[in-house]
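Colleague: My questions all concern the structure below.
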Amino acid sequence: MTMPAQTSLLAGDAVEASVSGDGPERTADRRSIGRRALCFRHMTPDAYLSLSPRNALRPLAAILHGEVTTSGKPWPEVRSRLRPLDAPGRVEVLLTASEVAQEREQGFELASSGELLFGSCRAESIRGSGVAEAAERVYRGLLELIERRGYPRLLRMWNVLEDINAEQDGLERYRHFCRGRHEALAALQPASLDSPPTACGIGAEDGGLGVCFLAARDPGLPIENPRQVSAYRYPRRYGPRSPSFSRGLFTRLGDGAHFFLSGTASITGHESRHPGCVTAQVEESLANVRALIRAAEERTGQDLALAAPSSTLRAYLRDEADYPLVREGLERHLGPEAEILYLRADICRRELLFEIDGQLFVPSVQS
Ligand code: 3EB
């Protein structure tokens with residue numbers, strides 16, 4: 001497959017030019033880029049390698065999927081441990097028009113833009129045991145850190161856990177993870193237990209526990225899905241502690257806004273639907289995404305378009321062999337231009353074969 005054309009999200013070709021650093025500097029475009037707080041892009045490894053901190057849109061962080069060789073960029077580079085299904089390597093880049101500062105602290109790689117703080121951390125070697133302890137330690141660390149640095153509101157979490165569906169001490173590792181995450185939030189940010197950040201919680205073949213976060217100074221507006229029970233209210237049969245994430249979150253940043261979409265799967269109410277049938281799971285997941293976006297539109301009065309070029313999405317597939325079917329299903333609904341990254345990943349319930357998440361950008365916010 002060819003990468004979708006590097007679609008501009010904001011100011012026509014100017015965004016592309018600003019990213020690659022070789023375009024005309026038209027004043028009007030400069031102005032709109034100048035206030036762009038956050039921009040997500042999917043890139044080929046080659047396009048990624050040519051990025052520079054001198055571009056008008058500067059990298060805040062990059063998430064590397066599969067085979068990507070880099071010479072060490074100054075911003076956080078996180079290896080996802082997830083394999084892209086349509087190319088050997090893919091890169092997801094978070095860009096901003098603001099000045100960016102990078103730092104390391106207590107195992108976290110950090111990048112801040114004044115409005116946003118991105119952080120990344122990995123707890124290795126938690127194969128034998130201690131998933132809950134590792135999750136609690138990582139979450140306590142990051143909660144203390146965002147508080148201290150003045151970005152106390154988590155908007156979005158990326159959680160990748162090695163061997164997520166394996167049993168450990170009589171409980172699935174994902175459920176241990178939920179326990180540790182809950183303990184940290186309950187101790188340090190109890191008010192966020194019923195307005196948690198958006199998240200994905202997925203599995204990889206190795207890498208221990210990798211956690212990335214995007215935090216802000218001000219809270220966003222969490223949105224729940226009318227077709228689904230809130231994950232933080234799942235009944236006990238799904239584990240001793242519920243998963244701490246909101247289905248979606250709307251937030252104004254710069255002169256635009258973003259809608260973060262948590263990992264969304266074939267679950268209605270709190271029950272998995274269509275076990276064993278990936279095409280039906282894709283359809284159900286998309287019905288969930290649409291219902292969530294509708295709820296967010298009603299709540300905010302903004303138009304949130306799921307189609308390209310305003311959205312960047314990730315599709316997670318448990319079985320690589322499902323890739324053609326999943327891609328066909330998604331493109332039927334979202335169009336061939338949709339910017340979707342297809343990744344091999346384990347989903348946090350064994351019967352689930354597919355999950356989708358991502359973010360939508362709203363260029364001009366109606367007040
Ligand atoms: C679900 O709806 C699917 O534990 O952070 C999706 C997104 C899922 C985030 C998490 C889990 C998480 O329950 C699983």
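Colleague: Would you mind checking the radius of gyration and Dmax of the range 11-363 based on alpha-carbon positions, in Å?
Modeller: Rg and Dmax of the range 11-363, Cα atoms, are 19.0, 62 Å.
Colleague: Which net charge results when you count Lys and Arg as +1 and Asp and Glu as -1 among the other residues whose beta-carbon is under 13 Å from that of Glu320?
Modeller: -1
Colleague: Quick one: plug the Kirkwood hydrodynamic radius of the range 43-95 (C-alpha pairs) into Stokes-Einstein at 37 °C, 0.692 mPa s, and report D in µm²/s.
Modeller: D, rounded to a whole number, is 295 µm²/s.
Colleague: Using a 7 Å offset from the Cα along the Cα-to-Cβ direction at both Thr69 and Ala305, what is the distance between the two label points in nm, to one decimal?
Modeller: The two pseudo-label positions are separated by 3.9 nm.
Colleague: While we're on this one: Residue by residue through the range 147-155, which ³J(HN,Hα) values in whole Hz follow from phi under the Karplus form 6.51 cos²θ - 1.76 cosθ + 1.60 (θ = phi - 60°), with glycine and proline marked x?
Modeller: Those phi angles translate into 5, 4, 8, x, 10, x, 9, 6, 9 Hz.
Colleague: Looking at the chain, what % of its DSSP beta bridges pair antiparallel, to the nearest 5?
Modeller: 80
Colleague: Got a sec to turn the phi values of the range 322-336 into Karplus ³J(HN,Hα) couplings, 6.51 cos²θ - 1.76 cosθ + 1.60 with θ = phi - 60°, whole Hz, x for Gly and Pro?
Modeller: With coefficients 6.51, -1.76 and 1.60, one gets 7, 3, x, 5, 5, 4, 4, x, 5, 5, 4, 8, 10, x, x Hz.
Colleague: Follow-up. Along the range 174-185, what does the Karplus equation 6.51 cos²θ - 1.76 cosθ + 1.60 (θ = phi - 60°) give for ³J(HN,Hα), rounded to whole Hz, x for Gly and Pro?
Modeller: Karplus-based 3J(HN,Hα) across the range 174-185 equals 4, 6, 4, 4, 4, 5, x, 4, 4, 4, 5, 5 Hz.
Colleague: What does the extension gain come out to for Glu328 and Arg290, with contour length at 0.36 nm per residue minus their alpha carbon separation?
Modeller: Contour length minus Cα-Cα distance gives 11.9 nm.
Colleague: Sequence-distant or interchain residues sharing an amide H contact under 5 Å with Ala308, placed H: which?
Modeller: When sequence neighbours closer than 5 places are left aside, the close amide H contacts are Ala338, Glu339.
Colleague: So, one more: For helix 278-300, report the angle its Cα long axis makes with the longest principal axis of the Cα atoms of the chain; keep it between 0 and 90° and round to the nearest 10°.
Modeller: Taking Cα atoms only, the helix is inclined about 60 degrees.
Colleague: Which residues' amide hydrogens lie under 5 Å from the amide hydrogen of Val78, considering only partners 5 or more residues apart or on another chain, with H built in the peptide plane?
Modeller: Ala62, Ile63, Leu64
Colleague: Something else about it: With a 1.4 Å probe and every protein chain kept in, tell me what percent of the accessible surface of the range 11-363 is carbon plus sulfur.
Modeller: The value for the range 11-363 is 47 percent carbon and sulfur by accessible area.
Colleague: With the crude spin-label approximation of a point 7 Å out along Cα→Cβ, what separation in nm comes out for Glu124 versus Thr268?
Modeller: In this crude label model, Glu124 to Thr268 measures out at 4.6 nm.
Colleague: Next up: Taking the solvent-accessible surface of protein heavy atoms with a 1.4 Å probe, what is the per residue accessible area of the chain in Å²?
Modeller: Result: 39 Å² of accessible area for each residue.
Colleague: Using label points projected 7 Å from each Cα along Cα→Cβ, tell me how many nm separate Arg350 and Asp86, to one decimal.
Modeller: Taking the simple label geometry, Arg350 and Asp86 are separated by 3.2 nm.
The values are calculated or read from the model by the stated rules, or taken from the named source; none is laboratory data. Bear in mind the structure is a predicted one, so any value in this text is a computation, not a measurement. Using ideal geometry, Cβ is built from the backbone for each residue, glycine included, and neighbour counts are taken over all protein chains shown. Quick note on the areas: whole protein, heavy atoms, side chains included, nothing else; ligands and nucleic acids left out. Shrake-Rupley method; radii C 1.70, N 1.55, O 1.52, S 1.80 Å.
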